[in-house]
Amino acid sequence: MPALPARSPRSPASKAAVISHGGWMAGCTITDISVSGARLLVARPEAVPDQFELATDLSGGSRRCRTVWREGGQIGIEFVDWV
C-alpha cells in the first residue's frame, strides 16, 4: 500500500518507543513526527495492531494511535482518542 500524504508537516526524529496492545509489546523507532501522527520503523509491520498505545519514555506517558499505512519495515500512524 503506498504511503498517504501527511496531514500536517512532520519533523525528522530518531527516538526509541514501545508499541503495546492487550499485553503485546514491540520496540520501534520514531523516524518523523507531527502533531497528528508519525512514521515508525518496526521489525514486523504486519504484526502491529490497527490500534495501539505508543510510549516514548519511562514516565508512563503514552499516546493512542491508529495504523494508517504499512510499507516495508515502516508504518504510518495517526494519533487518536478512543471512545
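The values are calculated or read from the model by the stated rules, or taken from the named source; none is laboratory data. Just so it is clear, the structure is predicted and the values come from calculations on it, not from any experiment. All Cβ positions, glycine included, derive from the backbone under ideal geometry; neighbour counts span all protein chains shown. These area figures cover heavy atoms from the full protein model, side chains too; ligands, DNA and RNA do not enter into them. Shrake-Rupley method; radii C 1.70, N 1.55, O 1.52, S 1.80 Å.
Filtered by the rule that a residue be part of a loop (DSSP other than H, G, I, E, B) and either open to solvent by less than 40 Å² (accessible area, probe 1.4 Å) or over 13 Å from residue 80 (Cβ atoms) (or both), the range 13-36 gives 22, 23, 34, 36. For residue 18, indicate whether it is among the β-branched types (Val, Ile, Thr) and at pLDDT below 95. No: the conditions fail for residue 18. The set of residues in the range 37-51 being part of a strand (DSSP E or B) and basic (Lys, Arg) consists of 39 alone.
A single member of 63, 39 is within 13 Å of the chain's Cα centre (by Cα), charged (D, E, K, R), under 16 Å from residue 16 (Cβ atoms) and surrounded by 17 or more Cβ atoms within 10 Å (Cβ to Cβ), and it is 39. Exactly one residue out of 73, 61 is at pLDDT 95 or above and among the small types (Gly, Ala, Ser): that is 73.
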